[in-house]
Structures are given as C-alpha cells and as structure tokens.
1. When N counts the residues of the protein assembly as shown, how does its alpha-carbon radius of gyration compare numerically with 2.2 N^0.38 Å, as a ratio?
2. Mind pulling the per residue volume of the convex hull built on the Cα atoms of region A:182-257? Å³ is fine.
3. Give me the mean projected area, in nm² to one decimal, of the convex hull enclosing the Cα positions of region B:1-40.
4. So how strong a dipole does the protein assembly as shown carry about its Cα centre when Lys and Arg Cβ are +1 and Asp and Glu Cβ are -1, to the nearest 20 debye?
5. Taking a threshold of 30 Å on the Cα-Cα distance, which of the pairs A:K106/A:K496; A:K408/A:K437; A:K377/A:K511; A:K437/A:K511; A:K437/B:K280; A:K168/A:K307 fall above it?
6. In nm, to one decimal, how far is the A:V401 label point from the B:R126 one, both placed 7 Å along Cα→Cβ?
7. Positive end of the dipole of chain B, charges at C-beta (+1 Lys, Arg; -1 Asp, Glu), about the Cα centre: which of B:L258, B:P288, B:S243 has its Cα farthest in that direction?
8. For A:K191, which lysines qualify as cross-link partners when the Cα separation must be under 26 Å and same-chain residues fewer than eight apart are set aside?
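Derivation of every value follows stated rules applied to the coordinates shown; laboratory data play no part. What you are looking at is a predicted structure, and each value in this text was computed from that prediction instead of being measured. Quick reminder, even Gly has a Cβ in these numbers, built from the backbone with ideal geometry, and neighbours come from all protein chains shown.
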Amino acid sequence: MPKHTARILVVLAFVLAATVGWGCQKQAGTGGTSSETPVKGGKFVYGTMEEPDTLNPYISQLLESVNVSNLFLDGLTRVDEKMKVIPVLAEEVPTTENGGVSEDGKTITYRLRKGVKWSDGKPFTSADVAFTQSVMMNPKVNVSNRSGYDKVTKVDTPDESTVIFHLKEPFAPFVNSCFQYGILPKHALDKSKDLNKDPWNRTLNPGLGPFTLKTWKQGQFIEGERNKSYYGGQAYLDNVIVKFVTDPNALFAQLKSGEIDWFEFAPAALSKNIKALPNVTLHESDTLSFENYSLVMKPDSPLQDVKVRQAIAHAINVAQIVKTLYPGETQAATTQHPLSWAFNADLKPYTYDPAEAKKLLDEAGWKDANNDGIREKGGKRLFLIISTTAGQSDREQKEEVIVQDLKKVGIGAEVKNYDPPTFFGAFTDGGTLTSGKCDIGIFTNVAGVDPDNWTLFNSANIPSSTNPGGQNTGRINDPQINKLTSEGQVELDQTKRAEIYKEIDKIILDKAYTVLERWWKNYDGVNKRVHNAKPNPTSQGNLWNPMELWVSGK
Amino acid sequence: MTRYLTRRLLQSVPLVAIISVLSFALIAKSPGGLVAAYTHGRRLTAAQLAAIERNLGIDKPWYVQYWRWLGRAVRGDFGYSFTSNEPVTKVILERIPATLELIVAAVVVAALVALPLGVIAAQRKRGIFDTTVTVGSFVGYSMPVFVVGYVLMFVFSIKFIDWFGMGLPSGGQASVGTDPGFFDYLSHLALPAATLAIAMAAGWSRFVRSSVLEQMRADFVRTARAKGLSERAVMVRHVLRTSLIPVVTEMAIEIPLLFGGTIVTEKVWSWPGIGQLMIKSLEKRDLPVAQGLLVLIATLVILGNLTADVCYAMLDPRIRYD
C-alpha cells in the first residue's frame, strides 16, 4: 500500500507542477505611458462583481446592464463624468435657448444625426426613437423606470431626423433624465411577440455602438469587438471584455496579476491595497448616492415630534462614524450633490451635541422618571428599532455606534436587520421600510442628474396599500416640501429651480426629516496601461466613453 | 431488484412533489415579495407595479401560481426567469457542466487523498502518521470553506505573484479573450477543486480509517491471515473490499448534496456553476429559477440515496433486495 501511495503522490505532484508551470498568469508589466498618442488595437478587460441580467437597459433591474449596454448602444444624449448632459445621437441637447424646449416647456424637439446606420446596415431614423418611447409605455413590457416617459402624450416624426415629444404638462427633468440609454432598433423588434423575452435583449444585435457583442458566456464574461461601421469612427480597442468575478479579493488578485484592467467599485477597505499596487492607479470618484439614517415617521411615532428628530440628529456622532469607517470621505448636509447646480453650500451638518439632544428631549416632554436609562412620556418608552440590509459589516458597525450614542441621551434602541429584498420590499409584501417595521432605516438614496426629488419627499409617495412601492418611506408630509417638489418639476428656469431645491434641502435639514451621513465615494482600480479611464458618478456607468479608451503595451 | 427499484422510484414522486410545494410557498411568500427589485429606488406608480406583477404571473395567490407551475413542469416547461427572461431549463442546463467539472475534480482528488491516508492511518494506529492525519483532518474538516478558499487565494494567487512573479488564477473557469487550452482549464480548476476537496478528504479519511480498523478486527480477516495469505492480499482482498461499503454510501449520499453545497466555493472562486445561480436567484427572488434548482437538487439527493442502497447490494453479499 505505501508503494501505491507513493505513486499517487508522484502523480499528484506532477499534476500540480504542470498546472503551476503552464497555466500561471504572468504579472502584467507595470504599464508606463511612454507615448500619449492613442494606439489602436489590444483588448481591455473590465472586472465587475455584478453580471447583467439582460442587456436591454430599460427592462433590466441592474445598473451594470446600463453600463455594459453603453458598449453596444447609443442614446440621444449621455451624461459625462462631470455630470454634464452631452449629445450623442442628437445633434445638440435641447434647451429653451436653442429652441429644442418650447417656451411653455410642453414640446421638446430632438434633431438627430444624419447618415447613422445600425450594425446591420439599416438606417437609424426618428422612427426608432418613437418606437423606443412606445416600448417604454407598453404595459406588457417590464420597464423598471418610466419617469418622464409617462408625461409624453404624443410623438411626432415630421422627417427622418426630427423627433418632437408633446408633454401633458411641463416636466423640467425630461432632457436631463430621458433617452440617455440606448435607442431600440424598430426594424428588429416591432414584430416581437414578447419584448421581455426577445433574444435581442441578450445580443443587442443589430446595435448602434462602438462595439458589437461577440459572446456572452453566462457567469463568465461578455465580449465585444470593434464595430467597423460605427458612425463615430472606429474605436481604438479591438475587444472589450466585461468579466464577472464574484469575490472582491479575487478581483484584487486579478488586478494585481493583470488578468483584469479595471476593478469596478472596490470596497473602501481594499482601496489602500489597490493604491499600493505598482501597476495600478486608484481612482477615487464622487457618486450621486447618499447614505442616510432615515427617520420613519409612522402616525403614532415619537418621531412625529420635530424636537425628538433634532435630538437624534444631535445625539449621533455622524462625523466620528464617517471618520472611522470611511476615512477620506466627508459628512453630508444636503440631498443634492455638491457637484449639482442645485447644491446648497450654506447648509452645515448637525453638530454632535449630547447635551443639546438631552435638552430637546426634555423640552419635548420625554423624561426618565423611573431611572432605567430610557425616557418615557405618557406611559410610553422612547424605544426605537434600527434596521438595515443584513450582511454589510460597515452598516452593522455603525448601528452599534448609533445604539450607544442614543443610549447616552436616554433613547433605547435595538438593531433588527433584514435581507435586501425584505428591507426594500413593497408595502403589500411587508417590506421593512415601506410598511414601517423600523424607526430608523439605514440605506442609500440615489440622487438624479436632475435635482427633481418629488418621488422621495412629496407626500403623494408615502407607501400604502394603494401605492405599495412609494419611495417616501420616511413618510415626510410637509406642506412646504409638497409645494416645492411639485413646483420644481414644472419650473423651467434653472436658476429658479436651483433656489427651489436649495430650499427643500434647508427644510429637510432644519426639521431633521432624516439624518444625513455621507456621499459615497467609488473606488476604481485601473491598470496604468489603460488610458482615458474616467469613472462616471451617474447611472450612466464607468463604460460611458468606450470610444476614448485605449491601451498601451498589449 | 427491478421491483425494488420501481417501488423506490415511485415512492420518490410524492416526495419530490411535497418538496416542490414547500419550496414554492417559501419563496413566493418570502417577506419583501417578488417585486422587491422593482420597488427600491424606482419611480413606478402602483398601476405600473401591478402590470409587472400581472406580466410575471404573480398577481394570483401562491397556490394558484403553484398549480400553474406544476401543470407546466410535468410537461417539462419550468417557465422563464424573472430577471434574465430566459427559459429556466436553459439557464440551469448552462450551469451544470461547470459544477459537474468542479465536483468530479474535487471528489477524485478527495478520494485519492482520503483512501490512502485513511488506510495507512488505520494500519499504523496511534503512530506519528496516524496522529498527524487525525489532527490535519480535524483542522481541514472544521475550517469553514470560505476560510480555506481565502487562505489558498492569498497564498497561491496573491503572494505567489510577489514571490515568483506569477500565481494561480483566482477565479473563473478559464482565461477570457483567448482560446483557453487544456492547461488553462486545469490551472483555473486547481484552487477551487482543492477548496472543495479539503473538507471532503478530511471527513472521508476519518471514515476510511474507522471502517478499516473495524474490519481488521473481524473474524474473517483473522481466518484469512490464518490461511497464510500475505498481509497485502488480506488488506486488498478482504479488509478493503468490505470496509469500502460504508465509505461508498457516504460518498453516494454526499455527491448530490454537493450540487447545493458548492455555493460558497463557487462564490469565492467566481465559478460559473449551479451554486452561483442558486444564490443569485434567491437574492433576486427569481422564483422560477430558484424553484427549478430546488426541485433539481431534491431529485438528485433522492436519486443519490437510491444509488447508495443499490451500491450496498452490489458490494455486500449479505444484502439483497427482492
């Protein structure tokens, strides 16, 4: 028997040696940008944790689908890395100045580029745009966001390169938020029996982008190759590969070995290690996502009292949480991003002030009469449930801090976390936020490129059995905010709109409707051989500029 | 034997049916509901949300949905994924080869390691070799799979680059963007298979050891020795054959379980198999895919148990089914 063992061990050793010897991944050269002149050729591998469910950006539930679809489809406009809306298939972005947006704001005209062809050679026309609009409003199609498109009453296509949208009422965010994802090919899809299941959603062929999709291997990668007939010229890269790696440590290892060129959305905890890699540049970029401790104001909740909310805002040491958990990031005071034209620079976050918090609670009538450390009023204890999505260590750590901070001022609190579908689920399905199963909900809200926040803060969006997916889960019902959020949608003058949203943020802060934590930062690790990597803070995604990307030293 | 097999297979049908009802109800009634993906951060009106529920066929009570699902499933139609909108059968079939590759590799490696280790340990009971194997297998068995995976990744993928300028691949089934050759596949398989094999080998080697020890004390082994057979012949022909019975049973039961049990390994190593699909479908509340997978795994476990019983009869002359 020992003889056998020895033989087996020899075989095993051989197999191991073989795999190590022949199959290893060499570490990629440390890059080096010898010339700044773009070089044509080469492939680029983009590593991400999330695989698109479908590539049709309208029916997908994932932002990664939008990101990848940038390679194969073009929209009328696009949002660049500075949050500016730029024309793509449209010749210019419609404004009131250039006549694209009518005086009353109810007619929006896009002039389209001429001579553009789909990858199968068929011409791209205004009919494709009108078709895309009809798909957006087709109740049989599971479109996940119809905001803006649902204001359109009629689409006119007077000629092949003009599209006119007639809106039922002025909707200022229209140009900033609609038709930035790909336009759909009418000739390939208008006979489709079921657009949700159409095979085109997985091939995007015919498409209209710098690349055409070559292969999609489930769970592994999507590969695109250069679209030689692209109207915008030829891309520098021969191939773009989006690789799905489900573990952040593996992404790190592959960035180090050069198997991937880009590590998308690295966890903050890994950013230091990425920075230390000689072959990689760490991009720290802003995002439109803000983390907040939302105060859920159920009808009988003590949080209905503004003083209790302000006390909580003073009691939690948010600055300390940000400093410890997210070094280098800053505390937020507004729900509009500092890069936005609607950002209110005058607002400052609540200071950490337990004495003030205690004073406010005393004033509100909450006193600890029985000396058990928790305040009471009218026989009710001031006890709050804190919830977030389970399994995220940073959120779980900050929950502990919040519980301790609240305890110091006499507010009892308990942590109860849920998995994301439960936490964000619909009212009718008992979702934690929507049905108000917690008092403080910790989660991220995503601000738009347009500052419109009617869905988040107008009382029409308080979740209920008739509005199960309502996004105003904090149940903010403030007459002033109701008025302003509605006005912001119909006011066309950007200066006046900016004032409106600055005012909204001031009220939210003053009345402590939510405790704002910070704006997320994205960490992207990019190999130095990649040029023109410009991470995009919006839902347009990091691959928004595939035409510009090139690699040196293949 | 045929009658026995028929009876057992027929008994399996209601069992699978019961499991399918339970799993369907559990997923359909899970808190947060099936349209959670459409409610967070979206701007859908109540009517638009209701239309999506209608399109997905989840506007009816769960038992109505189940009845519809069952009606189609018996005809081989398991519906469409809620997220990718592809046929469930296609989505699952695409993932099976990767998981099979991983399981076969891990089982082969684990068996090749566990059998000799177990047998030698039994032969040299309480010696240094035995003690080392015992301690090693307890460590291997009690370490969580993700820890094993991360240790392997840290050493062989990340640190190897610093030490040798290259390391083993840290994820995926093959290199992307090139035509992967045999050794490329093998190198990608090495660490995931090792991750899965370590705990298995640890458990099996204990099993083999105790089983061999028990047989070595048996009367027929003493008789065999008394007949003057060589020690080698005693071990191979008498001890091993009989002591393998419980080992084979253990393996036959464990292998189908692996279909669901590769989840952590697949997640750590970005392996494009069934396990990944399972987590994703549950995370996204993709009822048709999750249901399809649970029924598949339940069927495999039942078949695995049946196979174990059949193997018993073939290996052990004392067991006969009539």
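1. It is 1.07.
2. 123
3. Numbers: hull surface 13.9 nm².
With the hull built on Cα positions only, its mean projection is 3.5 nm².
4. Rounded to the nearest 20 debye, it is 3240 debye.
5. A:K168/A:K307
6. 5.8
7. B:S243
8. Reachable lysines: A:K114, A:K117, A:K122, A:K140, A:K151, A:K154, A:K214, B:K90.
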